[in-house]
Amino acid sequence: MFAVIKAGGKQYRVAPEDVIRIDRVKGEPGEVIEFGEVLLLGGDMPQLGAPTVTGATVAGEVLQHARGDKVIAFKKRRRKNSRRKRGYRHEFSLIRITEILTEGAKPSKTPPARPKREAKKPEPAPEGEAAAGKAKPAKKASRAKKPAAKKPAKAATKAKATKGKKK
């Protein structure tokens, strides 16, 4: 099942577990927010809204708030000694869509629990090698940089400097 929602004047096609980047919304990371403007519900029985589907909502969890890359607006009027430089960073929110609800159902106030990925632990060395002291040291993966080659001095510049002088 998927839905088309309207948020911040833009439309987004979403499905459960999608992560979307929308204009900044109110809410702290970890909170569940609700999108009430559902324009289309898709799936086995698609429903088209006029302008919205009645009783349909989409719930999402706020993952984080962030800012985009810097955009620089630079204006210059040549030969007028006039310059203007302005920078701007757009603020947005990352939202994970948790559920698509129909028939006036309300979203759960807490986000669903997600299993945390465990970091892989290094396997211990076999007891025979560790006791005997035959464990091999790890190899370093470092590359030595080669020194940059020096450019030869130009003899022509010295010749030009002495050429104009009179004895």
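How far apart, in nm, are the 7 Å Cα→Cβ label points at THR110 and TYR88?
The modelled label-to-label distance comes out at 4.2 nm.
Counting only pairs 8 or more residues apart or on different chains, how many lysine pairs in the range 1-78 have their Cα atoms under 25 Å apart?
Lysine pairs, 8 or more places apart or on different chains, close enough: 4.
Describe numerically, in nm with one decimal, the distance between label points set 7 Å from Cα along Cα→Cβ at LYS80 and at HIS65.
Going from the LYS80 label point to the HIS65 one covers 3.8 nm.
In terms of the Cα gyration tensor, with a ≥ b ≥ c the square roots of its eigenvalues, is the range 56-111 rounded because a/c is under 1.5, prolate because a/b exceeds b/c, or oblate?
prolate
Counting every Cα pair in the range 6-67, what percent are over 13 Å apart?
66
For a quick protection proxy, order the peptides 93-103, 6-16 by their average other-Cβ count within 10 Å, most packed first. Before the final figure, lay out each step's value.
On the way: 93-103: 18.5, 6-16: 14.5.
Packing order, densest peptide first, comes out as 93-103, 6-16.
Would you mind checking the range 11-39 for residues with the amide N under 20 Å from a putative spin-label position 7 Å along Cα→C-beta of ALA50?
Taking a point 7 Å out along Cα→Cβ of ALA50, the residues of the range 11-39 whose backbone N falls under 20 Å are 37-39.
A short reminder: the numbers here are calculations on the coordinates, not readings from a lab. As the structure is a prediction and not an experimental result, all values here were calculated from the model. Every residue, glycine as well, gets a Cβ built from its backbone with ideal geometry; the counts of neighbours run over all protein chains shown.
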